[in-house]
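Visitor: I'd like to ask you about the structure that follows.
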Amino acid sequence: MRALVFADRIGAELEPLTEKLAVPLLPVTGKELLVYTIEELVGAGIRDLVVVASAHGEQTSASTLGDGQRWGANIRYALSRGEEPPSAVWRRLNLEDAEAVLVLRGDVLRSPKTREFLDQAQSKTGTSAFCSVGEDPRGSLFLVRPGCPEPGDLVDSLRWDKPTPLPTEGGCVVADSSLNCLVDLPAFHRANLDLLAGRLPGLGVAGRSVALGLYAGRRATVSPKTLKKGVAYVGANSRIHPEAELLGEVVIGDDVVVDRAATVRDSVIFPRTYVGELVEVGNAIVASNHLIRVDTGAMLKISEAFLLGNLGAAEGRASISPWDRLGGSLLLVLSLPLWPVAAAAAALSGEGPLLASRELVGNRSLLSGGDDASRGFMAKHWNTAIPVLRNLPRLLAVIRGDLRLVGVSPLTPEESAARTEDWQMVRDQAPVGLLGPTQLNLTEHAPLEERLLSDAFYAREQSWTKNAQYVLSGLKMLFSGDGWRRGG
């Protein structure tokens, strides 16, 4: 059996949240919306998935899902014009003669009822079966078996803009089911808080339990005393000041900073958002510098960055620049005469194989999620202590997108995981690069704290002019004594 998952909403009703993010990628209490459907299907034994995406379709497939190996699934993609009738997509994919197909939407949030539905559907003798989850037909599940006379028209109940009525026959009933279609901003707010508070049967909160009612993602920094009353989730890499207060039901996304004496009550904080000192947020969605009150509908754009702002750290690190790849390719061509010299130097060193490998945490690997230990890439280097020769193979990592041309120094997964202080995380606001002040001025074996401090200064002051200076400095090293003498 395979699943056909519609995730092609345009998302105008959820702006400004969907200005740069597709609806299926919206974060809901620590996970992207579409991930809940994928996990539900895999849990029901369905691992062959076809995801129908439109706006941000490339983003949906590349950054969040990949080919599905993360869940032990096989995910393929089909493009839609956006909220296209499911019947049209079905006919275009030519699924009429395929095996049984489970059809559902992946850009809504429902109780996981797939396994229960399939068990009941076995007793249905017709060529199709369905079950409704909640009152909106767009949350329904459809099972289409081979030989179904009009399978395309059947699934148009899942059409986003104009859903058709559900069939009168072939229905199954599932108990204790809940559905939130995220039809507007208050519904998005409610989906996060309902999942956090356990009001969506079958769906649990991601992350570890820090204290009673307080959950946190990987490498989140939060003190139990910040939760004054209620329940809260703090996303990965987020930092909550010990003097901040969380009240009621609070969902905080990844890479968020909540500063001293800030108060967050019954609110959802979007990833990569800064909530400033003494700021009070209540019954709202905060996304970057957008403050959206879900009770009144008021939508404010805050211009003062010290109140609300966009950190943008993960976005900047994870993006893969074609200019860096082009620059890396040009430098690789120019460096080719040095490669035989590097091989000879490695052979003369007598320290083992000519080329050695080391696992490092880079940029492209951040797109796959997971902890640092699972996000590394293998970087090769020549077995020589001559700096300009040793790291020539890292130009290949620039071309692949694992490294930028200029950025903070690459760390091993163990070094990255060993960071505990807030200042040590500042480097995450910059991409990881081949060149930079740390790589040019310190050796690879300099103390970790010294390298992190150098990276933090770079992250705070980075600019394209300084990056150009670092590239020139790297080229000058080819003709300097330090570049050929300094050991690492």
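Visitor: Within the set of pairs 6 or more residues apart or between chains, which connect a residue that is part of a strand (DSSP E or B) inside segment 1-22 to a residue that is of a type in the set (A, V, I, L, M) and open to solvent by 50 Å² or more (accessible area, probe 1.4 Å) with Cβ atoms less than 8 Å apart?
Guide: Final answer for the pair search is LEU4/LEU93.
Visitor: How about segment 262-273: which of its residues are open to solvent by 30 Å² or more (accessible area, probe 1.4 Å) and more than 21 Å from LEU14 (Cβ to Cβ)?
Guide: Passing the criteria: only ARG265.
Visitor: Find the residue count for segment 179-216, including only residues that are in a helix (DSSP H, G or I), open to solvent by less than 10 Å² (accessible area, probe 1.4 Å) and without any contact (Cβ under 8 Å) to a residue 60 or more places away in the chain.
Guide: 1
Visitor: Right, another one. Restricting to segment 339-361, count the residues that are touching a helix residue (DSSP H, G or I) at 6+ places or on another chain (Cβ under 7 Å) and under 9 Å from THR384 (Cα atoms).
Guide: Residues flagged as touching a helix residue (DSSP H, G or I) at 6+ places or on another chain (Cβ under 7 Å) and under 9 Å from THR384 (Cα atoms) within segment 339-361 amount to 3.
Visitor: Let me ask something else about it. Hey, can you tell me all the residues within segment 297-317 that are within 17 Å of VAL258 (Cβ to Cβ), open to solvent by 40 Å² or more (accessible area, probe 1.4 Å) and at pLDDT below 85?
Guide: GLU304, ALA305, PHE306, ASN310, LEU311
Visitor: Would you confirm whether or not segment 93-110 contains a residue that is crowded, with 22+ Cβ neighbours inside 10 Å, touching a Leu at 6+ places or on another chain (Cβ under 8 Å) and farther than 27 Å from LEU65 by Cα?
Guide: No: zero hits.
Visitor: Test of understanding: among ILE320, ILE292, which residue is modelled with pLDDT of 95 or more and at negative phi? Can you show your working first?
Guide: Values: ILE320 fails: modelled with pLDDT of 95 or more.
None of the other options fit; the residue is ILE292.
Visitor: Sort through GLU135, GLU116 and tell me the only one that's within 20 Å of VAL35 (Cα to Cα), open to solvent by 40 Å² or more (accessible area, probe 1.4 Å), out of contact with any helix residue (DSSP H, G or I) (no Cβ under 6 Å at 6 or more places or on another chain) and charged (D, E, K, R).
Guide: On inspection, the qualifying residue turns out to be GLU116.
Visitor: Something else: Can you find a residue that is in a loop (DSSP other than H, G, I, E, B), in contact (Cβ under 8 Å) with a residue 40 or more places away in the chain, hydroxyl-bearing (Ser, Thr, Tyr) and crowded, with 17+ Cβ neighbours inside 10 Å anywhere in segment 435-453?
Guide: Just the residues of segment 435-453 that are in a loop (DSSP other than H, G, I, E, B), to begin with: 436, 442-447.
Now drop any that are not in contact (Cβ under 8 Å) with a residue 40 or more places away in the chain, which leaves 443-445.
Going one step further and asking which of them are hydroxyl-bearing (Ser, Thr, Tyr), we end up with 443.
Subset that is crowded, with 17+ Cβ neighbours inside 10 Å: none.
No, segment 435-453 contains no residue that is in a loop (DSSP other than H, G, I, E, B), in contact (Cβ under 8 Å) with a residue 40 or more places away in the chain, hydroxyl-bearing (Ser, Thr, Tyr) and crowded, with 17+ Cβ neighbours inside 10 Å.
Visitor: List every residue pair whose Cβ atoms sit under 7 Å apart, with the two residues 6 or more apart in sequence or on different chains, where the first one lies in segment 141-152 and is over 13 Å from LEU4 (Cα atoms) and the second, anywhere, is open to solvent by 20 Å² or more (accessible area, probe 1.4 Å) and of a type in the set (D, E, K, R).
Guide: What qualifies is PRO146/ASP97; PRO146/GLU99.
Visitor: Can you run down the residue pairs with Cβ atoms below 6 Å, 6 or more apart or on separate chains, where the first is in segment 274-296 and open to solvent by 50 Å² or more (accessible area, probe 1.4 Å) and the partner is polar (S, T, N, Q)?
Guide: GLU280/THR263; ASP295/ASN283
Visitor: State whether one or more residues within segment 153-162 are surrounded by fewer than 17 Cβ atoms within 10 Å (Cβ to Cβ), over 26 Å from the mean Cα position of the chain (by Cα), at pLDDT 85 or above and farther than 20 Å from ARG2 by Cβ.
Guide: Yes, segment 153-162 has at least one match.
Visitor: Next up: I'd like the residue in segment 323-372 that is within 33 Å of the chain's Cα centre (by Cα) and polar (S, T, N, Q) and, out of all such residues, is modelled with the lowest pLDDT.
Guide: Among those that are within 33 Å of the chain's Cα centre (by Cα) and polar (S, T, N, Q), it is SER368.
Visitor: I would also like to ask the following. Test of understanding: among LEU143, LEU158, which residue is closer than 19 Å to VAL35 by Cα and out of contact with any Asp or Glu (no Cβ under 8 Å at 6 or more places or on another chain)?
Guide: One residue alone meets the criteria, LEU158.
The values are calculated or read from the model by the stated rules, or taken from the named source; none is laboratory data. Not measured: the values here are computed from a predicted model. Cβ atoms come from the backbone with ideal geometry, glycine included; neighbour counts cover every protein chain shown. Surface accessibility is based on the protein's heavy atoms, side chains included, excluding ligands, DNA and RNA. Shrake-Rupley method; radii C 1.70, N 1.55, O 1.52, S 1.80 Å.
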